[in-house]
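Asks: Here it is, the structure in full.
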Amino acid sequence: MTTTDRPIRLALVDDHRMLLGALTEWIRSAADDIEMVAAVTTWPELLTHPEFPVDVVLLDLDLKDNIPVSLKISTLKTTGVRTVLMSTYSEPALVREALAAGALGYLVKSEEASMIVDAIRAAYNGKSYISAELDYALNSTENVEGPRLSAQERRVMALYGAGEPVKAVAYQLGISEETAKSYLKRIREKYRLAGYDVGTKVALRKRAIHDGILLQTD
């Protein structure tokens, strides 16, 4: 960055405070052309922040506020803010919905942290950014025929398939451990009826990757 260039003003919205802090520190140390001017845990905090509007918002898709992501993206667009979404899962329909609504980038949290900076810079310049892995998942699952899972079932499957214990899955989704277990039971039953055995964690992970719910990161 030259001395005459203005840094990209970035806001980060994520309701996991540990991740919020870690990302804030990482971005500050990794890119001198990006200035983190706001790091908040809720959507209303972003809109009322004294530094808003910013250039780019890195927005967690999994905020538990029941506000449609399409509404958030359109709100940001009307104020001239560009959006990069990040999520714990890569369910193709949700990715396509977000991109159709106007998001310029989509990152899965299991991907390399360096991709975040690339996505922020691309969005600032009005360009879209999707990692090669996620692009492959989107295209390869166009015609996948599996059981119809609810959004919450997909989230449970993604987190559990990524290696999280049931207790951690429950905590991240704001549900009880028993509820998380019942979701897993329902997921396995739906796959069984569709002709797929996901009785083990390994089998469930493989199926989640095959169906584009989870990215292959090994």
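The values are calculated or read from the model by the stated rules, or taken from the named source; none is laboratory data. Keep in mind the model is a prediction, meaning the values are calculated, not measured. In this analysis, Cβ positions are derived from the backbone assuming ideal geometry, glycine residues included, and neighbour counts consider all displayed protein chains. Side chains included, ligands, DNA and RNA excluded: accessible areas come from the protein's heavy atoms. Shrake-Rupley method; radii C 1.70, N 1.55, O 1.52, S 1.80 Å.
Asks: Loop-only check: which trypsin sites (Lys or Arg not before Pro) in the range 1-75 are DSSP coil with at most 13 other Cβ within 10 angstrom?
Replies: Counting only loop positions with at most 13 other Cβ atoms within 10 Å, the trypsin sites (Lys or Arg not before Pro) in the range 1-75 are LYS64.
Asks: For the chain, would you read off the P(r) tail past 21 Å as a percentage of all alpha carbon pairs?
Replies: The answer is 55 percent, as a whole percent.
Asks: Please compute P(r) over all alpha-carbon pairs of the range 1-58, binned at 10 Å starting from zero, and give each bin as a whole-number percent.
Replies: For the range 1-58, the binned pair fractions read 24, 52, 21, 3 percent.
Asks: Please list VAL37, VAL198 in order of solvent-accessible area, largest first, computed with a 1.4 Å probe with all protein chains present.
Replies: These residues rank, largest area first, as VAL37, VAL198.
Asks: Between the helical axis of 177-193 and the dominant principal axis of the chain, each derived from Cα atoms, what acute angle in degrees is found, rounded to the nearest 10?
Replies: Approximately 60 degrees, to the nearest ten.
Asks: Where nothing but the Cβ of Lys and Arg (+1) and of Asp and Glu (-1) is charged, how large is the charge dipole of the range 52-117 around its Cα centre, in debye to the nearest 20?
Replies: Value, rounded to 20: 220 debye.
Asks: Work out the length of the dipole vector of the range 44-83 about its Cα centre, built from +1 on the beta-carbon of each Lys and Arg and -1 on the beta-carbon of each Asp and Glu, and round it to the nearest 20 debye.
Replies: Dipole size: approximately 200 debye.
Asks: Nearest 500 deg cm²/dmol is fine: what mean residue ellipticity at 222 nm does the chain get from its DSSP H runs of n ≥ 4 alone, each adding -39,500 (n - 2.57), divided by its residue count?
Replies: Computed mean residue ellipticity for the chain: -14500 deg cm²/dmol.
Asks: Please go through the residue pairs LYS72/LYS127; LYS64/LYS181; LYS167/LYS201; LYS72/LYS190; LYS72/LYS185 and name each one whose alpha carbons sit more than 23 Å apart in this structure.
Replies: Over 23 Å apart, Cα to Cα: LYS72/LYS190; LYS72/LYS185.
Asks: Top to bottom by accessible area (1.4 Å), largest first, where do THR24, THR42 land?
Replies: Heavy-atom accessible area, descending, gives THR42, THR24.
Asks: Work out the length of the dipole vector of the chain about its Cα centre, built from +1 on the beta-carbon of each Lys and Arg and -1 on the beta-carbon of each Asp and Glu, and round it to the nearest 20 debye.
Replies: So the dipole magnitude of the chain works out to roughly 720 debye.
Asks: Right, next: Expressed as a fraction of 2.2 N^0.38 Å, the rule-of-thumb size for a compact globular protein of N residues, what is the C-alpha radius of gyration of the range 15-128?
Replies: Expressed relative to 2.2 N^0.38 Å, the Cα Rg reads 0.98.
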